[in-house]
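Participant: Take a look at the following structure, please.
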Amino acid sequence: MKKPRWNERARSVLLLELAVVLPAAALILFNVLHLKSIQRDRAVEAAIQRDFYQVMSITEKHANEKMYALVDSLRQEFPAASVVCTDSMDYMLDQHTDVAHLFIYNPQRNLVFRSRQARIDEPDVSKESEQLQKMVRTWLPTEFEEAVKKMKSMEKKGKPPVFFDSEMVPRGDKHLYSITAYFLLPQREGEADTIGGMQLDAEQLRDHFLPELLNAELHHSTADASADKSGYAHAAMMVRMHSESEPLAASAEWEGGHPEVERSMEGAFPGLVLGMKLRGTTLAALGQRFVRTSFLILGGLSLLLAGGILLTYRNVAREMALARLKSDFVSNVSHELRTPLSLIRLYAETLEMGRLSNPEKQQEYFCIIRKESERLTGLINNILDFSRIEAGRKEYDFRQTDLAELVRNTLDSYRYQIEQNGFAFQERIAPDLPPMAVDREAIARSLLNLVNNALKYSHDDKFLGVNLYRENGSVKLEVVDHGMGIPPSEQPKIFEKFYRVGNPLVHNTKGSGLGLSLVRHIVQAHGGDVFVESAPGRGSKFTIALPVEKAGNGVPPAVASAHGGVA
Ligand code: ADP
């Protein structure tokens, strides 16, 4: 009998492990390894670095587009070399606040150069103007042919015919970055090839052109980023010269320090480097935080999973225990039915054959048949009650009752049997108990179940006491014995359906494990409860407590909901 049970349990545990624990453990392990690899390869940092690089390359592209657009509009606006004059150049400078100097050259017309008049009185700007004039005056006549040829071939390839050069313009004892552009003017009827040029206003470039570009790019990117919560939502950008670490210009959020990712600018901004970093944190810290949070979440989920598995395991174990109890119950009940039936048949057959001449013996046999059939009735009543309760169909018939009389009458029909079994019987019923609204039959059955248990589980010290008294707003019905007692660990379980204490002495005593669960259900349906006090080897005391107020005032509140299963 033991072996298959263990096998069943082992199979369930194995199934649970294979079906749930193993995949869960594999999932957790896989995630831990994955997170470890993210941590080891600094994958989060690398991903954000890639994002930063992307943002910077877009920034560079937009910066170039802006600069090429400026150059293109200058190319279109320049009057033909034959008619250009300082007025027309002043007008162009007014239209383009980013530009500080304009010039135009072809060998026929020679150089026409114009600086922004509003700033020409500033010593630095006038020096800058002179330097640029000197440079183009020496460079353009010698390199003109070559430059025009190159620009024409660029134009043929679909590229704008422009060269950009970086310039360091004097500012006090320092220098400031600026950009010069040389471009081929569009071919016009009757005009020789002409090169135009401009130099950006260094302050405009530093204070407006670059910062505005960086801010616009960053806000555009972070607007996208806040939606997908990627790393650069809190990023700042700067631009510096190759040779210097200090920023030339920066976005509004830049708070100093070194950029974490850099990219050299090409095209219209020679010699400049774009840089990006996170505000208030570093990529490494961000990566660590990501891994830490992921580990925490994984830990939490693993705990939940373990909790779920434990709960499932306990549930399965409970269901298995219940199934075992049910199968024990079936064998117990069949055993209990068979014994009285075979006794009844045996004695009835003996009597039927008329062989017994001794009237006392006859009387004894009749008595045995009656007692055995009473036991059968009790057992069948218990089973019927149990099935009604389980199906939620048990109904109680509450009537005003004198409990003292009910208890006395119930015990009277048992007294003879109790005393015949060698029990010392003590009955103490307090006078003046209030009438109670109870289901007479159900309360009598509860009392009989308790008395029966006291008789069944007392072997050496045969004592049975029944007390009925009033205490603290309840009427209490106690059944006391000096029998084998119940270990404390078993006491909460004996009221569960089918439960029997796993003790050889109990095992040898007939029983179904239903009696106490019925008692508890009946008593709770009366708004009361049942308790046990017991010590192994010293006996037990079962107490039914029924509330006076509720029971005395007619139908107790629990009655309305007195349906439902037995726990
Ligand atoms: P059973 O049909 O087995 O007696 P019960 O529900 O009446 O079922 O009792 C449940 C278990 O509680 C019993 O199997 C027994 O182990 C224990 N028990 C109940 N009453 C007593 C008692 N008076 N003394 C010792 N053990 C008891």
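Participant: Scan the stretch 162-196 for residues that are open to solvent by 40 Å² or more (accessible area, probe 1.4 Å), within 13 Å of Ile104 (Cβ to Cβ) and of a type in the set (A, V, I, L, M, F, W, C) and report the count.
Facilitator: 1
Participant: Given the stretch 423-519, what strands (runs of 3 or more DSSP E) lie entirely inside it while holding 1 or more residues that are near the ligand (Cβ under 9 Å from one of its atoms) and aliphatic (A, V, I, L, M)?
Facilitator: It comes to 474-481.
Participant: If you don't mind, another one. Evaluate the stretch 19-42: report whether one residue or more is closer than 30 Å to His219 by Cβ, in contact with a helix residue (DSSP H, G or I) (Cβ under 7 Å, 6 or more places away or on another chain) and among the aliphatic types (A, V, I, L, M).
Facilitator: Yes; the residues of the stretch 19-42 include at least one that is closer than 30 Å to His219 by Cβ, in contact with a helix residue (DSSP H, G or I) (Cβ under 7 Å, 6 or more places away or on another chain) and among the aliphatic types (A, V, I, L, M).
Participant: Any idea which of Val71, Val112 is closer than 24 Å to Pro186 by Cβ, more than 60 Å from the chain's Cα centre (by Cα) and in contact (Cβ under 8 Å) with a residue 12 or more places away in the chain?
Facilitator: Values: Val71 fails: more than 60 Å from the chain's Cα centre (by Cα).
Being closer than 24 Å to Pro186 by Cβ, more than 60 Å from the chain's Cα centre (by Cα) and in contact (Cβ under 8 Å) with a residue 12 or more places away in the chain holds for just one of Val71, Val112, which is Val112.
Participant: For the stretch 438-461, which residues satisfy the criterion of being closer than 19 Å to Ser413 by Cα and over 52 Å from the mean Cα position of the chain (by Cα)?
Facilitator: Arg440, Glu441, Ala444, Leu448, Val451, Asn452, Ala454, Leu455, Lys456
Participant: Among the residues of the stretch 272-295, what is the count of those that are assigned to a loop (DSSP other than H, G, I, E, B) and buried (at least 17 other Cβ atoms within 10 Å of the Cβ)?
Facilitator: 0
Participant: Suppose the filter is over 24 Å from Gly299 (Cα atoms), open to solvent by less than 40 Å² (accessible area, probe 1.4 Å) and in contact (Cβ under 8 Å) with a residue 40 or more places away in the chain; does Met89 pass it?
Facilitator: Answer is no for this residue.
Participant: What are the pairs with Cβ atoms under 6 angstrom where one residue, in the stretch 270-295, is under 21 Å from Ser245 (Cβ atoms) and the other, located anywhere, is open to solvent by 40 Å² or more (accessible area, probe 1.4 Å) and assigned to a helix (DSSP H, G or I)? Sequence gap at least six, or different chains.
Facilitator: From the stretch 270-295, the pairs are Leu278/His234; Arg279/His234.
Participant: Can you pull out every residue in the stretch 301-329 that is more than 17 Å from Ala10 (Cβ to Cβ) and small (Gly, Ala, Ser)?
Facilitator: The answer is Ser302, Ala306, Gly307, Gly308, Ser327.
The values are calculated or read from the model by the stated rules, or taken from the named source; none is laboratory data. Model, not experiment: these values are computed from the prediction. Note that we place each Cβ from the backbone using ideal geometry, even for glycine, and neighbour counts take in every protein chain shown. Just the protein is used for accessible areas: all its heavy atoms, side chains included, with ligands, DNA and RNA removed. Shrake-Rupley method; radii C 1.70, N 1.55, O 1.52, S 1.80 Å.
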